[in-house]
Amino acid sequence: MNPTFFVSHASVDLELTNAVANAIEASGGVAYVAENDHQAGRDLPDKLVESIRECNAFVVLLTSEGFQSEMVRRELTLARAEKKWIIPLVTPGVGAVEGRVASLLGLIEWVPFDPENPSAALTDLTGLITRYRDSLLAEQVRSYREQVSDLELRGTQDVTALRRENAQLKNEEMVLLAGFVLLAAVIIISAGSA
């Protein structure tokens, strides 16, 4: 399973957003960028809400424009409410004013993102995504092993139950057989005394 990362951004930052999306996909994730998901006639807020709810993690690009975007703030609020893993990428203009970032992100740690030299932040991002993807895979393997173990246990319990039922049927068979033998003996004795 490749995790899906919703990439929240201001519309004017689409070029940077595509660079972030390419880094996500290069590291084995799936990047969701609303502009690349054309659904003519669909209500945009509904599409965004559904995509955030279905994603595994949420990347928010906080440039000056992204920081001021009401849509980005709404998406971030929903991602928090949905308890998504949030990875903020914060540009120097926004990051320079720590109080502004803290007011929006609270205690969430962020990755410094320099649009003039994005390679360091994108390297950090790909490392985070790779570790996240690997942790999801490890969780799937653990879950699979638990399911196999449960099935094996149930199988053992089923075999034990079948053995008990079989033993009970054999006991009932023996009782019936003993009853037939006793009935036959009574009939023979009755026939002999008559």
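At-a-glance table
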read-out	value
Checklist (1) of a type outside the set (D, E, K, R); (2) under 15 Å from residue 20 (Cβ atoms); (3) at pLDDT 90 or above applied to residue 76, failing item	(2)
Restricting region 87-131 to residues that are in a helix (DSSP H, G or I) and among the acidic types (Asp, Glu), the residue that is modelled with the lowest pLDDT	98
Among residues of region 1-48, those that are of a type in the set (Ser, Thr, Tyr) and over 30 Å from residue 140 (Cβ atoms), counted	1
Residues of region 5-52 satisfying the condition of being loosely packed, with under 15 Cβ neighbours inside 10 Å and touching a Gly at 6+ places or on another chain (Cβ under 7 Å)	none
Residues satisfying the stated conditions in region 132-161, i.e. acidic (Asp, Glu) and more than 13 Å from the chain's Cα centre (by Cα)	146, 150, 152, 158
Filter result (among the basic types (Lys, Arg) and either farther than 24 Å from residue 21 by Cα or not in a helix (DSSP H, G or I) (or both)) within region 132-160	142, 145, 154
Residue check, residue 81 surrounded by 15 or more Cβ atoms within 10 Å (Cβ to Cβ), under 24 Å from residue 136 (Cα atoms) and of a type in the set (A, V, I, L, M, F, W, C)	no
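The values are calculated or read from the model by the stated rules, or taken from the named source; none is laboratory data. All of these numbers come straight from a predicted model, not from anything done at the bench. Don't worry about glycine lacking a Cβ; one is built from the backbone with ideal geometry, like all the others, and counts go over all protein chains shown.
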